[in-house]
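Note sheet for the following structure.
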Amino acid sequence: MITSRLLPNVARVTIGSQAAFSTGMATNSPRIKLYTNPISPPGRSVELTAKAIDLDIEVIAIDLLGNDTLKPDYLLKNPQHTIPMIDDGGKFIWDSQAINVYLTTVYSRNEDLYPNDPFVRAKVNAGLHFNSGVLFSRLKLLISPVIRGFKQDLDPEKVEYFNIGLQLLEDTLHADYYIGNRMTLADLSCVSSVSSFDAVLPINNERFPKTVDWLRRMEQLPYYGEANGEGAKKLAKIVQSFLK
């Protein structure tokens, strides 16, 4: 739990990761371990992906204020000391986009999430990069100064900067999902960031009607609450606790 006595350490909070991975196909491997924290949008995208492909994983909670990612054992596995990270039988992968692509490529029997068609896959990849480069990066820019104790309000310019990103998503949504009428990794990635913003500042339905409809559609997934919704609310509660 984050309390006021921990405020001097808040600067060490890491909300997500942008990193790299070492590859290798996994066969007969032990249960995959996911190192994460429910407030991390990228971490929640991995939990969503695991649920979507019916993959049983062991979730290991990382204390974002306790320097867990800076401990020698963790640094040996992930020198960039970020979350999320998975351990698949001794193969350590960090960065949520890399993890999600890996999990669906190796463990999913359904290609809908990450289609084999090169053109469609390229569009999915574009959606993954859109989340990491636009949505999540702008969300982090907005809330990190608050969580770290540097600000006690949400910068209106940064709120609008995120909304400009939402407009790009709004303009992209021509059907039920990011790419047509089938959910892909692009949806599971983007919803982790969009839902986090919505939990902090409800998205304007009049300005972004297609985005709101898409978000509500994603919320109907049977595993959504456990894998993403509860964590988004927890993140929002932490942010709001630091606001004036």
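The values are calculated or read from the model by the stated rules, or taken from the named source; none is laboratory data. What you see is a predicted model; the values in this text were computed from it and never measured. In this analysis, Cβ positions are derived from the backbone assuming ideal geometry, glycine residues included, and neighbour counts consider all displayed protein chains. What goes into the accessible areas is simple: the full protein's heavy atoms, side chains included, and nothing from ligands, DNA or RNA. Shrake-Rupley method; radii C 1.70, N 1.55, O 1.52, S 1.80 Å.
Before moving on, here are some points about what is shown:
- Some residue of region 159-168 being farther than 20 Å from N100 by Cβ, of a type in the set (S, T, Y) and open to solvent by 30 Å² or more (accessible area, probe 1.4 Å): yes
- Qualifying positions in region 118-158 - among the small types (G, A, S) and either over 20 Å from Q240 (Cβ atoms) or open to solvent by less than 10 Å² (accessible area, probe 1.4 Å) (or both): A122, A126, G127, S132, G133, S137
- For region 105-117, the set of residues classified as among the hydroxyl-bearing types (S, T, Y) and surrounded by 15 or more Cβ atoms within 10 Å (Cβ to Cβ) consists of Y107, S108, Y114, listed by residue number.
- Exclusive hit being among the hydroxyl-bearing types (S, T, Y) and touching a strand residue (DSSP E or B) at 6+ places or on another chain (Cβ under 7 Å), set T82, T49: T82
- Qualifying residue in region 206-219 (condition: touching a Lys or Arg at 6+ places or on another chain (Cβ under 9 Å), within 21 Å of L113 (Cβ to Cβ) and not in a loop (DSSP other than H, G, I, E, B)): no
- Residues in region 200-244 that are of a type in the set (V, I, T) and either within 29 Å of D56 (Cβ to Cβ) or under 14 Å from the mean Cα position of the chain (by Cα) (or both): I238 only.
- Of the residues making up region 147-163, those that are among the aliphatic types (A, V, I, L, M) and under 19 Å from the mean Cα position of the chain (by Cα) number 2.
- Residue under evaluation E47, criteria (1) surrounded by fewer than 19 Cβ atoms within 10 Å (Cβ to Cβ); (2) among the charged types (D, E, K, R); (3) in contact with a helix residue (DSSP H, G or I) (Cβ under 7 Å, 6 or more places away or on another chain); (4) at pLDDT 95 or above, criterion not met: (1)
- The set of residues in region 50-65 that are in contact with an Asp or Glu (Cβ under 8 Å, 6 or more places away or on another chain), open to solvent by 40 Å² or more (accessible area, probe 1.4 Å) and hydrophobic (A, V, I, L, M, F, W, C) contains only V59.
- Looking only at region 175-197, residues that are assigned to a helix (DSSP H, G or I) and either under 23 Å from R109 (Cα atoms) or open to solvent by 30 Å² or more (accessible area, probe 1.4 Å) (or both) come to 7 in all.
- Of the residues examined, V101 is not one that is of a type outside the set (D, E, K, R) and in the same structural domain as A227 (by the TED database).
- Search result, residues across region 198-215 that are of a type outside the set (A, V, I, L, M), closer than 23 Å to K51 by Cα and open to solvent by less than 10 Å² (accessible area, probe 1.4 Å): T211, W214
- Which listed residue is surrounded by fewer than 17 Cβ atoms within 10 Å (Cβ to Cβ), acidic (D, E) and out of contact with any Gly (no Cβ under 7 Å at 6 or more places or on another chain), from D73, D88, D68: D73
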